[in-house]
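*Asks:* Encoded as C-alpha cells, here's the structure I'll be asking about.
The values are calculated or read from the model by the stated rules, or taken from the named source; none is laboratory data. Since we're looking at a predicted model, the values are computed, not measured. FYI the Cβ positions are ideal-geometry reconstructions off the backbone, even for glycines, and counts take in every protein chain you see. Accessible surface is based on the protein model in full, side chains and every heavy atom, while ligands, DNA and RNA are left aside. Shrake-Rupley method; radii C 1.70, N 1.55, O 1.52, S 1.80 Å.
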Amino acid sequence: MLELRFIRENLDLVKEKCGRRGMAADRLDEFSRLDHKRLALLTEVEALKNIRNTASKDIAMLKSGPEKAKADALILEMRETSRKIKDLDTELADIQIGLQEIVMTIPNLCDDSVPVGRNDSDNIEVKQWGEKPVFSFPPKPHWELGEDLRIIDFERAAKLSGARFSLLTGFASRLDRALTNFMLDLHTQRNGYTEVLPPFLVNSASMTATGQLPKFEADLFKIKDWDLYLIPTAEVPVTNIFRDETLDEKDLPIKFASFTPCFRSEAGSYGKDTRGLIRQHQFTKVELVKFTTPETSTRELELLLADAESVLQLLGLHYRVVTLCSGDLGFSATKTYDIEVWLPGQQAYREISSCSNFLDFQARRGSIRYRPEGQKKSRLVHTLNGSGLAVGRTLLAVMENYQQEDGSIAVPKVLEPYFETRF
RNA sequence: GGAGAGGUGGCCGAGUGGCUUAAGGUGCACGCCUGGAACGCGUGUGUACGCAAGUACCGUGAGUUCGAAUCUCACCCUCUCCGCCA
C-alpha cells in the first residue's frame, strides 16, 4: 500500500504509474473526494472530542466541589456533544472503509528502470548464462520422459485430485528431494540465509499484508468456515513473521530461505500449460525473503537474483534473465526479474524464478518497521523475495536437459552427494 | 469438544468509573560522579494521523456513560486440567 499522504500529494504521478501497468485510474478521483471529506470530518470530530475531554475533567472537579448544579448543566450539554461525536465517527468510519478499499487495491509504483509494456512479450532480456545443450536425438518433453520412465503419473493424480496435480514416484521423487536439499543447503551454507519452516495455512491479515488480499482472493484456496488460506508461496508466511513488529537496524538485512508447498487455484489460466508439471495447483518451492533498509533494497535485489541464479549455474542449466515490463509486473512489486530456464523438450524458455523488490509497500500494509541506529523514530523496512527455486520446474528442467539417448536421465554432478545415502 | 485462569509500555507489574498526564520496578539512552568501572544521583525513554494545537491507542470489536484500562456482551489468543488425536 502507498502512503496516504503520498497519493494525496502526487495524484497525477500515481495515476500515470497505474496507467503504465494498464490499470484504470478513475478510482483515484474517488480517492481524492473521500480523502478531502475525511480530513474535514476528522478536524471537526477531533475538535468536539477536545471539548468533551476538557469538560469531563471539569465535571469531575465540579462534582467534588460546591457547584454541583454546574456539573449537571455541563453533563446535559455534553450529552448532545457526545451524540454529535457518535454520528460523525460513524460517518468517518464509512469513509475510512471506502478509502481503505481504494488504497488497498492500488498497485505499487513501478520503478523507473522498469520498461513500459503491456504483457510478457514486452519483457526485456538482460542477460543469458550458459548455452543450449546439443542433442544427437530429438529431446522429449518431460511429461513424455516421466511417463516412459513411469516416474510421473498424471492420470492417477487426476483420479486422486483432478487436473493440475501430479504423482511422482521413485527416481522423480528422489530427484525432487535431492533438489530441495541442494537448494536449502546452498542458500543456508553458502548464501547466508536462515532456514525457516512456516505454517502452510495463514489468516487473512497475513494475506492482506503481502498483497494477495483483498484483490486476488480468486487465486487462493480458502479453508471452509475458517479464516485460513493455503499459502500460494512461502513469501506470505515468511514476510509476515515480523508483521506489527519493529526490528533493530543492526539485525538487517534479515535473510530467510523457506521450503514449503504452494497452492494456487490458477483461476483464469484455463487451457494454459495443461501438460506436464509447469502449472500445478500444488507445487513445492524454496523461497528467499529479505528484510532490508530502504537504502539497500535496490542492491539487495541484484544480490537476491544472483543467489537464485547460483542454483541454476551449479546445476549447469542454461537460462536467461528478463526484467518484467510494467504490464507484467505483480501487484505489490516495484521491479521484478524473472529467471527463465531453457527447456529443450519444448524448445522454450520458462520462468523458474521471480525476484522482486517491494520497497515499503508490503511493510506498510503489515506494519513492519525498524529503528535506525541511534534514532528515535522508526521507519518501514523494505521487503524482497524470490524463488530459489521452484522445485517442480527445476525437476522438469533437469529431466529435459539431462535426458540421455536411451531415455534415461543423468544426475547432475552437484546432486550426486544427495543420491549417495544407502542403507 | 468440556472446565478453569489470564491478556496493561522493550520486559515485570499496580490499577474495579473522573488529579491516570497508566503508579512502581527493570531494561535501554544520555549526563553527573570515577584514574577507569561498579554503585549512587539526575534526565529522557511507545505508535499512528496532523504544520501545529490536538485526537486515537491498556488482546479485538460492539455497547452503557457527560466520562471506560476499569462496567456489559461477543470474539480472538495464551496457559492449566479433562476428553479425543498423529
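*Asks:* Restricting attention to the range A:1-43, which residues are within 13 Å of RNA strand B (Cβ to nearest atom), touching a residue at least 12 places away in the same chain (Cβ under 8 Å) and part of a helix (DSSP H, G or I)?
*Replies:* Result: A:4, A:7, A:8, A:35, A:38, A:41, A:42.
*Asks:* Quick one: which of A:215, A:250 is outside any strand (DSSP E or B), touching a residue at least 12 places away in the same chain (Cβ under 8 Å), under 22 Å from residue A:107 (Cα atoms) and among the charged types (D, E, K, R)? Full working, then the answer.
*Replies:* Details: A:250 fails: under 22 Å from residue A:107 (Cα atoms).
Matching residue, one of A:215, A:250: A:215.
*Asks:* Just checking, how many residues over the range A:171-197 are in contact (Cβ under 8 Å) with a residue 40 or more places away in the chain, surrounded by fewer than 14 Cβ atoms within 10 Å (Cβ to Cβ) and more than 11 Å from residue A:256 (Cβ to Cβ)?
*Replies:* So the answer is 1.
*Asks:* Going by the conditions given, is residue A:274 under 30 Å from residue A:154 (Cα atoms) and out of contact with any Asp or Glu (no Cβ under 9 Å at 6 or more places or on another chain)? Explain how you work it out, then say what you get.
*Replies:* On the way: under 30 Å from residue A:154 (Cα atoms): yes; out of contact with any Asp or Glu (no Cβ under 9 Å at 6 or more places or on another chain): yes.
Yes: the conditions hold for residue A:274.
*Asks:* Further question on the same structure: Just to be sure I understand the filter: pairs with C-beta atoms under 6 Å, separated by 6 or more residues or on different chains, first member in the range A:301-319 and farther than 14 Å from residue A:337 by Cβ, second member open to solvent by 10 Å² or more (accessible area, probe 1.4 Å). Which pairs pass?
*Replies:* What qualifies is A:314/A:414; A:317/A:401; A:318/A:130; A:318/A:131; A:318/A:132; A:318/A:342.
*Asks:* Just one of (1) at pLDDT 95 or above; (2) in contact with a strand residue (DSSP E or B) (Cβ under 8 Å, 6 or more places away or on another chain) trips up residue A:413, so point out which.
*Replies:* Residue A:413 satisfies all of (1) at pLDDT 95 or above; (2) in contact with a strand residue (DSSP E or B) (Cβ under 8 Å, 6 or more places away or on another chain) except (2).
*Asks:* Looking at (1) assigned to a helix (DSSP H, G or I); (2) open to solvent by 60 Å² or more (accessible area, probe 1.4 Å); (3) of a type outside the set (D, E, K, R); (4) at pLDDT 95 or above, which one does residue A:138 not meet, given that it meets all the others?
*Replies:* Failing condition for residue A:138: (1).
*Asks:* Okay, moving on. Which one of these does residue A:52 not meet: (1) under 25 Å from residue A:366 (Cβ atoms); (2) near RNA strand B (Cβ under 7 Å from one of its atoms); (3) charged (D, E, K, R)?
*Replies:* Every condition holds for residue A:52 apart from (1).
*Asks:* Moving to a separate point now. Hey, residue A:150 hits all of (1) open to solvent by 70 Å² or more (accessible area, probe 1.4 Å); (2) under 23 Å from the mean Cα position of the chain (by Cα) but one; which does it fall short on?
*Replies:* Unmet condition: (2).
Quick grid of which residues meet (1) among the β-branched types (Val, Ile, Thr); (2) open to solvent by 60 Å² or more (accessible area, probe 1.4 Å):
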site	(1), (2)
A:7	yes, no
A:19	no, no
A:24	no, yes
A:47	no, no
A:54	yes, yes
A:57	no, yes
A:65	no, no
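*Asks:* Within the range A:67-78, take every residue that is open to solvent by 90 Å² or more (accessible area, probe 1.4 Å) and touching a helix residue (DSSP H, G or I) at 6+ places or on another chain (Cβ under 8 Å) and give me the one that is nearest to RNA strand B (Cβ to nearest atom).
*Replies:* My answer is A:77.
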